[in-house]
Amino acid sequence: MPNERLRVAMASGGWTHATLADATGVDPKSVERWVNLGRTPRRVTALKAAEALREDVHALWPALRQARAARAVSPELVTLYDQRADLPVSTFIDLISQARQRVDVLVYAAVFLHEAYPRLNELLRERAAEGCAIRIALGDADSENVQQRGREERFGHGIESRCRLALMHYRPLLDVPEVELRTHETTLYNSLYRADDQMLVNAHVWGVNAYGAPVWHLRRNGNGGMFDTYAESFNAVWETARPVEG
């Protein structure tokens, strides 16, 4: 039976089989089978498609409700990526661009953002000008935990230099009223990128650079879920971090 809901969602958004296939990383023939034969894609692929179409994944594929219940998947999980390298930088930038109340970033360096999107500071200034509170916590290059991470990832002093480079990138924002910049010395278990009620969590794996480690996209759904766990983790680190002087 054809999936009429999916067909309408694609048509209203101007999506073709080819463009949706490109957005979800599948063959256009797979999308054709979803639409014309009512096939249900794998959950991760379905989540990507639903996010691209701005639709509820269970409205598009009701069969996923039963599968989710059987596997006890968190309702806050939007998408799971095998590694950060699978995410285009536009995913991070789109998240920040949509923020209206809060942007929180907890990393050691994450200079890939400025390298791939030179307008990052301008974007953060724009968000701040519209009342968005922005908190950025970077790794202290001189801390033992940062240096230890460099040894574990076989990155040597490179991670320390990248922490200093990240600080240099963000320093021009110190005069922006809604932007706070701090450095921390904590053992970083996850890099966090929060925009309002959405968050990208880059898990860290011993001996693996952050770009090769998994990322899960969370959307807050009530109180006490995974999202709040990571948000509270950010707050705990923030309280121990030192403000950067101008």
Open item on the list: So if I check each of V35, V26, V31, which one is farther than 21 Å from V78 by Cβ and touching a residue at least 12 places away in the same chain (Cβ under 8 Å)?
Closed with: V35
Open item on the list: List pairs: first residue in segment 177-200 and on the phi > 0 side of the Ramachandran plot, second residue open to solvent by 20 Å² or more (accessible area, probe 1.4 Å) and part of a strand (DSSP E or B) anywhere in the structure, Cβ distance under 7 angstrom, at least six positions apart or on different chains.
Closed with: D196/R102
Open item on the list: Of everything in segment 128-137, what is farther than 14 Å from A99 by Cα and either open to solvent by 50 Å² or more (accessible area, probe 1.4 Å) or of a type in the set (V, I, T) (or both)? Give them in sequence order.
Closed with: I136
Open item on the list: Could you check segment 51-98 and list, in sequence order, the residues that are hydroxyl-bearing (S, T, Y), modelled with pLDDT under 90 and surrounded by 14 or more Cβ atoms within 10 Å (Cβ to Cβ)?
Closed with: T79
- [ ] Looking at (1) free of Cβ contacts under 8 Å to residues at least 60 places away in the same chain; (2) open to solvent by 40 Å² or more (accessible area, probe 1.4 Å); (3) aliphatic (A, V, I, L, M), find the lone condition where L174 falls short.
- [x] (1)
Task: Odd one out for V8 among (1) in contact with a Ser or Thr (Cβ under 8 Å, 6 or more places away or on another chain); (2) loosely packed, with under 14 Cβ neighbours inside 10 Å; (3) aliphatic (A, V, I, L, M) - done: (1)
Open item on the list: It is to be established whether one or more residues within segment 148-168 are at pLDDT 95 or above, open to solvent by less than 20 Å² (accessible area, probe 1.4 Å) and within 26 Å of P214 (Cα to Cα).
Closed with: no
- [ ] Among what's in segment 201-229 and is among the aliphatic types (A, V, I, L, M) and touching a Ser or Thr at 6+ places or on another chain (Cβ under 7 Å), pick the residue that is nearest to T45 (Cα to Cα).
- [x] M226
Open item on the list: As an exercise: evaluate A110 against (1) among the hydrophobic types (A, V, I, L, M, F, W, C); (2) at negative phi; (3) out of contact with any Cys (no Cβ under 8 Å at 6 or more places or on another chain) and give the number of the one condition it does not meet.
Closed with: (2)
Open item on the list: I'm checking my understanding of the structure. Among residues of segment 99-122 that are of a type in the set (D, E, K, R) and over 23 Å from W238 (Cα atoms), which one is modelled with the lowest pLDDT?
Closed with: E115
Open item on the list: at pLDDT 95 or above, more than 16 Å from the chain's Cα centre (by Cα) and surrounded by 16 or more Cβ atoms within 10 Å (Cβ to Cβ): is that true of R125 in this structure?
Closed with: yes
TODO: Quickly run through segment 29-47 and pick out the residues that are part of a helix (DSSP H, G or I) and either farther than 21 Å from P88 by Cβ or modelled with pLDDT under 90 (or both).
DONE: K29, E32, R33, W34, V35, N36, R43, V44, T45, A46, L47
Open item on the list: Regarding segment 201-208, can at least one residue be identified that is assigned to a loop (DSSP other than H, G, I, E, B), under 15 Å from V105 (Cβ atoms), over 16 Å from the mean Cα position of the chain (by Cα) and in contact (Cβ under 8 Å) with a residue 12 or more places away in the chain?
Closed with: no
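The values are calculated or read from the model by the stated rules, or taken from the named source; none is laboratory data. Note that the structure is predicted; figures quoted are calculated from it, not measured. Cβ sites come from the backbone with ideal geometry, for glycine too, and all protein chains shown count toward neighbours. For accessibility, only protein heavy atoms count, side chains too; no ligands or nucleic acids. Shrake-Rupley method; radii C 1.70, N 1.55, O 1.52, S 1.80 Å.
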